[in-house]
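This report concerns only the one structure given below.
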Protein chains: 6
Amino acid sequence: MNLLILNPNSTASMTDTIAATARRVALPGSRIVAVTGSGTAPASVEGHADAAFAIPAMLAAIRLAEAGGAPPDAIVIACFDDPGLLAAREIACAPVVGIAQAAMQVAMLISARFSIVTTLPRSVPIIEELAHVYGAGNACRRVRSVDIPVLALESAPDAAFARLVAEGRRALAEDGAEAIVLGCAGMAEMCGKLSHALGVPVIDGVVAAVKLAEALAGGGFSTSKAGSLAYPRNKAADAPA
Amino acid sequence: MNLLILNPNSTASMTDTIAATARRVALPGSRIVAVTGSGTAPASVEGHADAAFAIPAMLAAIRLAEAGGAPPDAIVIACFDDPGLLAAREIACAPVVGIAQAAMQVAMLISARFSIVTTLPRSVPIIEELAHVYGAGNACRRVRSVDIPVLALESAPDAAFARLVAEGRRALAEDGAEAIVLGCAGMAEMCGKLSHALGVPVIDGVVAAVKLAEALAGGGFSTSKAGSLAYPRNKAADAPA
Amino acid sequence: MNLLILNPNSTASMTDTIAATARRVALPGSRIVAVTGSGTAPASVEGHADAAFAIPAMLAAIRLAEAGGAPPDAIVIACFDDPGLLAAREIACAPVVGIAQAAMQVAMLISARFSIVTTLPRSVPIIEELAHVYGAGNACRRVRSVDIPVLALESAPDAAFARLVAEGRRALAEDGAEAIVLGCAGMAEMCGKLSHALGVPVIDGVVAAVKLAEALAGGGFSTSKAGSLAYPRNKAADAPA
Amino acid sequence: MNLLILNPNSTASMTDTIAATARRVALPGSRIVAVTGSGTAPASVEGHADAAFAIPAMLAAIRLAEAGGAPPDAIVIACFDDPGLLAAREIACAPVVGIAQAAMQVAMLISARFSIVTTLPRSVPIIEELAHVYGAGNACRRVRSVDIPVLALESAPDAAFARLVAEGRRALAEDGAEAIVLGCAGMAEMCGKLSHALGVPVIDGVVAAVKLAEALAGGGFSTSKAGSLAYPRNKAADAPA
Amino acid sequence: MNLLILNPNSTASMTDTIAATARRVALPGSRIVAVTGSGTAPASVEGHADAAFAIPAMLAAIRLAEAGGAPPDAIVIACFDDPGLLAAREIACAPVVGIAQAAMQVAMLISARFSIVTTLPRSVPIIEELAHVYGAGNACRRVRSVDIPVLALESAPDAAFARLVAEGRRALAEDGAEAIVLGCAGMAEMCGKLSHALGVPVIDGVVAAVKLAEALAGGGFSTSKAGSLAYPRNKAADAPA
Amino acid sequence: MNLLILNPNSTASMTDTIAATARRVALPGSRIVAVTGSGTAPASVEGHADAAFAIPAMLAAIRLAEAGGAPPDAIVIACFDDPGLLAAREIACAPVVGIAQAAMQVAMLISARFSIVTTLPRSVPIIEELAHVYGAGNACRRVRSVDIPVLALESAPDAAFARLVAEGRRALAEDGAEAIVLGCAGMAEMCGKLSHALGVPVIDGVVAAVKLAEALAGGGFSTSKAGSLAYPRNKAADAPA
């Protein structure tokens, strides 16, 4: 099975980390191809405009991969804002999974309620809105942030981890969270250690999305092309003669 | 990977059909054990009381399997009412997936909106409530029924299929459904043919649940035991001395 | 009027307390019959599995009572999880009231917002889900727990009461609660004292349910049998010839 | 028990009908006092402005009754818009029940879903909003109208009844309603006949409210005065010296 | 453009303040007429009953103004409970804007989430319900109060302002509010100073409503008279001959 | 006042139509600058991918305008999907209004419920989701489509208008809509004629957005920069040294 993992931002070291996590949990027969953001993609996605500038190259990468010799059987968007998720489902032939939606679905399968811990406060309303749209509005008790930029997860991992533990503990005590969702693809490597520290399941979206992507492909599920996720229309026919 | 598939009702032929579907889509290394309902379990689950009488034996089957030599890595409840799902998550060590929740999650991954077609009208409000609780209240446009008892899916499959096609067409035309979810485990065999007839993805809960169960187990995800899904309490310690 | 009060758990002393409360508030002409859980019923209902094992005997008790010489005019399920409420409505001829739904309805009639205080933290998400399903999601501001097992309400009543007062005060100060709902049938005896201590209405579900049960029976209201609450189907007719 | 029934509109014949219904279902010891709207009250309440002009006299009637020698133990507002319900709860000592809220609560106790049939189309969004606010948004499937003015229920009862039957049948067939709620106090007399014609429970708000009012009073439940329903404030103390 | 500003309460000094604010932000060509509450109108609106007694005179003032020589092009109700808003839309020819709805709409245009700070705690649930009904349930994170009566905003402005600052800071820190809405018409004069103190936009409902009223009138938008906001019906035709 | 109107698609004739509408309703002192989509912008926005490819050039146009000599006082995005609305609010200094949000807000100010009529069926779920996110989920009864591509509004206006009338009539009859919202910027010219044909208010988003944009600017309201809509972060400081 070919899995295409898209890191929408332009930081290649983060793509490497994501790909390593994906390979660690993928099925034996799954081949992982990870692509880093290019063109106008920012170094990290921290808000709506960052996402907007990252999406076109990401969509182009999907088209390139699907036109190639080993088209993906499933595609993962590895950024917790799920940037361009619906646009990707439109243009792709293969099913597309976003790490936020995947992580929230897994959280709803293994807990009655969970909290999400993300990087910057400015991402909190964005993720709350995703939870609302994905139907996790009740199950997700709170979206919290450690107030650390995405790139600092790499540059200052120890400080980031300490804050993750602290915020996770607050989620357990104040929110009644039964599980924690990591709100950034860059947190993947801290997942196991954090679960050990907190004593509850900690869900990394990259892992969740890779497994759901394999599940969709393995189950023969593909995006409906009979509605709002149909391939983009060719406008040439619409213009007046 | 060991998968335990629970058919809550007492109809062994339906267990066989479910197991065959599960085996067809399971990973090469997955071993499927399917258990038929016993004790007070009814021949089909068509309402709240039927479910209530089916659950205790189903929970006992989980305990038995988990105490055995080849404990399950994941468990599937193969009835579209998801009877006893949260109770099963409490008592089981392995993660538990219900076919209704699984099918709705898959539907939300591959379409913007979907409708569900179930057997009897009396099951419609039950499934609507599940959609509400699972966060699919917006994405699920309508729960429809073909007004055929569960067991008639086996005894009169041609009539049942004709009605499924008719109701599915109404879902596309009237609900704007982009995908159809089959609202009964007994419909699994009609899935491919129905998708062909309707021209949209048709999601069978058994397939969805088996793939999600494998995904959870493969990703190392297990039910949180730190909250409402902890193992049932031993009451002995609570009584006055 | 004959009222059947079902204590789903197997603790007879709790049944006695519930029955005493019911008799205290019932109409002069109401006759109370209280039944204790039997068979696989646990000593207390603290979670989904406890409820699942309590329901079958409870349903059997309803059938027995309705087949007897003085069938109930209304039925009360006296456990705050409202276990088996919809199944009971299916099998019973008489209307059925659960103490959680009754208490929340009364709370919505006498306050703009209320909080619920229950026993164990693990019951909190269960009751939150009930509030959501019963349409009290907005009016119910928070479900709180005193972190005391159900049976300890009897064995250590003074400690339990002290914690109820403390948690109730937090509900007034932090949630803006205008009334408090007791989240366990075993708290009935503390109701008056707690209302006195807090200075706001405190609603005991047993009282609420007994009065609503009398109201339904007195008003001639009975469960609709034209839909999802119809009597369970006889499956014999469904099987192939 | 003293029950005060308020007909907000100025049509005395409607008050008589409401009072007769109330007396028919009240407990043996309940004394019914019914008051007709006065002052600026319109002949019928068909919209927001009608309600606004009916409320002040209704509130004055409550104050008068509570200052009298036989103060009410509970109060019923007998108009399906529940006009002034929260204002009445503020100024009254006794608990106050509106017939719309009462009917919807009863409907949620005896069915999984119901539809409401009211008089004029213009009342439909008003009642939909009440259902939303009362937490019946899911259970109430649709608010329908027979397109007949309130007063025509009295002047042309046969035509009105025929339309009620027709609209009720549509509710059963199209909405999957398991019960019907009458959306106007003036429909009370048609309740039994309509239930017979439709074969499902039909809930009259006057009956529902009288029984809930007795239930509240009998259970010792009174409006919380610790919050938004406290007695109106005396402003004299607020002004600058 | 003629704008009619209605202060529902009877405190003329508050009307003056409101009118001054309105004139400060109105378009050059807008003429502001401000009317103080009369008849049974209370000195301030602090609850449902206060509102009920203020509405009839307010509706009469609209009718008077619309019958006059310079009928209003748009109408503003300048009390944060939006008392009688829908009744006013029914009886008025011109569009009607309430300051609460206006302020919440503006808040949703310039921030992802906001909190409201009102006067008394008893108004909190009233405003929460408005937010719910206006569709701001998600965007409005919390309704807070400074626990000061409406009239004290005039009599003790410094103390009131200090508490507004304190509560606004809590809203930023605890609610993640990105903007603050002033929850009382009497706070208009503190708006600029508060925004300066808090460093975020502070939205005064009077300003918001005046600008939206001008926008509606300028865009040619008027209340739909084809439904629930049609002019009140004349009942004379309904009575039996 | 300077207003920047952004047509995200690349069809200049549509920009001209939008600008003409804007100029017709703008305040005397308002100067309208309208910009057509460029770069990867498609000829029309009919789905998520079209939007994604239109957004970057639109954001660049905002930056260019704000850096120029006559920076805009308010900005309008003139496409009913409100593409890039939140990203635009992040990068812009001036407030930004989307025509869908503006139209829905106006609809909620002048009617109790409305329906939206858009071009293609594939846009229906997109607009439904916007209604949900903007808090118009209750007030918006249904999103309908005329099944005509965006560009055909220009090339075949008579056919388009006939279908708009037909679909609008269905909205009145079936949805109980009291007003109609035009679900495409390209429909602006048909607004008056359609309102005349249907007899209810018809709301064009371009008009609504221009008037709300002027209202925001005139009221001194600007986007909060203290949260999720702050200017995009400069990532340079985040990288490790």
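The values are calculated or read from the model by the stated rules, or taken from the named source; none is laboratory data. Here the structure is a predicted model, which is why all the values come from computation and not from measurement. Note that each Cβ is placed from the backbone with ideal geometry, even for glycine, and that neighbours are counted across all protein chains shown. With ligands, DNA and RNA removed, areas are computed over all heavy atoms of the protein, side chains included. Shrake-Rupley method; radii C 1.70, N 1.55, O 1.52, S 1.80 Å.
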Practice item. Could you run through the range E:220-241 and say how many residues are open to solvent by 20 Å² or more (accessible area, probe 1.4 Å) and more than 14 Å from chain D (Cβ to nearest Cβ)? Key: 2
Practice item. Could you look through the range F:154-183, keep only residues that are closer than 25 Å to F:Val97 by Cβ and in a helix (DSSP H, G or I), and pick out the one that is most open to solvent (accessible area, probe 1.4 Å)? Key: F:Glu154
Review point. Does the range E:71-90 contain any residue that is within 14 Å of the chain's Cα centre (by Cα) and open to solvent by 40 Å² or more (accessible area, probe 1.4 Å)?
Key: yes
Review point. Which condition number does F:Val97 fail, the rest of (1) more than 9 Å from chain A (Cβ to nearest Cβ); (2) farther than 25 Å from A:Ala230 by Cα; (3) open to solvent by 10 Å² or more (accessible area, probe 1.4 Å) being met?
Key: (3)
Revision key, fill the gap. Only unsatisfied item for D:Pro8, checking (1) surrounded by fewer than 20 Cβ atoms within 10 Å (Cβ to Cβ); (2) touching a residue at least 60 places away in the same chain (Cβ under 8 Å), is (1)
Review point. Counting only residues that are hydrophobic (A, V, I, L, M, F, W, C), in a helix (DSSP H, G or I) and more than 29 Å from B:Asp73 (Cα to Cα), how many does the range B:187-212 have?
Key: 3
Revision key, fill the gap. Here the residues within the range A:15-28 that are closer than 15 Å to A:Cys191 by Cβ and either touching a Gly at 6+ places or on another chain (Cβ under 9 Å) or open to solvent by less than 40 Å² (accessible area, probe 1.4 Å) (or both) are A:Thr17, A:Ile18, A:Thr21, A:Ala22, A:Val25
Practice item. Kindly provide the set of residues from the range B:204-218 that are at the interface with another protein chain (Cβ under 7 Å from one of its Cβ atoms), buried (at least 24 other Cβ atoms within 10 Å of the Cβ) and not acidic (Asp, Glu), ordered by number. Key: B:Val207, B:Ala208, B:Lys211, B:Leu212, B:Ala215, B:Leu216
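To keep it simple, each residue is scored yes or no on (1) under 17 Å from the mean Cα position of the chain (by Cα); (2) over 30 Å from C:Ala87 (Cα atoms).
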site: D:Val117; (1), (2): yes, no
site: D:Ala156; (1), (2): no, yes
site: D:Ala166; (1), (2): no, yes
site: D:Asp175; (1), (2): no, no
Check your understanding: Can you name the residue in the range B:108-153 that is open to solvent by 20 Å² or more (accessible area, probe 1.4 Å), within 9 Å of chain A (Cβ to nearest Cβ) and outside any loop (DSSP other than H, G, I, E, B) and is also nearest to A:Ala213 (Cα to Cα) among such residues?
Key -> B:Met108
Review point. Quick one: in the range E:129-169, which of the residues that are in contact with a Pro (Cβ under 7 Å, 6 or more places away or on another chain) and hydroxyl-bearing (Ser, Thr, Tyr) is modelled with the lowest pLDDT?
Key: E:Ser155
Point to revise | the range A:54-84 - residue that is touching a Pro at 6+ places or on another chain (Cβ under 6 Å) and within 23 Å of A:Glu128 (Cα to Cα) and, of those, farthest from the other protein chains (Cβ to nearest Cβ) | key: A:Cys79
Check your understanding: Quick one: is D:Ala65 more than 19 Å from C:Leu109 (Cα to Cα), in contact (Cβ under 8 Å) with a residue 24 or more places away in the chain and open to solvent by 10 Å² or more (accessible area, probe 1.4 Å)?
Key -> yes
Practice item. Please find, within the range E:184-198, the residue that is nearest to F:Glu90 (Cα to Cα) out of those that are in contact with a Leu (Cβ under 8 Å, 6 or more places away or on another chain) and open to solvent by 10 Å² or more (accessible area, probe 1.4 Å). Key: E:Leu198
Check your understanding: Looking at the range B:190-241, which of its residues are under 23 Å from the mean Cα position of the chain (by Cα), under 16 Å from C:Gly47 (Cα atoms) and of a type in the set (Gly, Ala, Ser)?
Key -> B:Ser224, B:Ser228, B:Ala230
Point to revise | For C:Ala197: the one exception among (1) hydrophobic (A, V, I, L, M, F, W, C); (2) in contact with a strand residue (DSSP E or B) (Cβ under 8 Å, 6 or more places away or on another chain); (3) within 14 Å of chain D (Cβ to nearest Cβ) | key: (2)
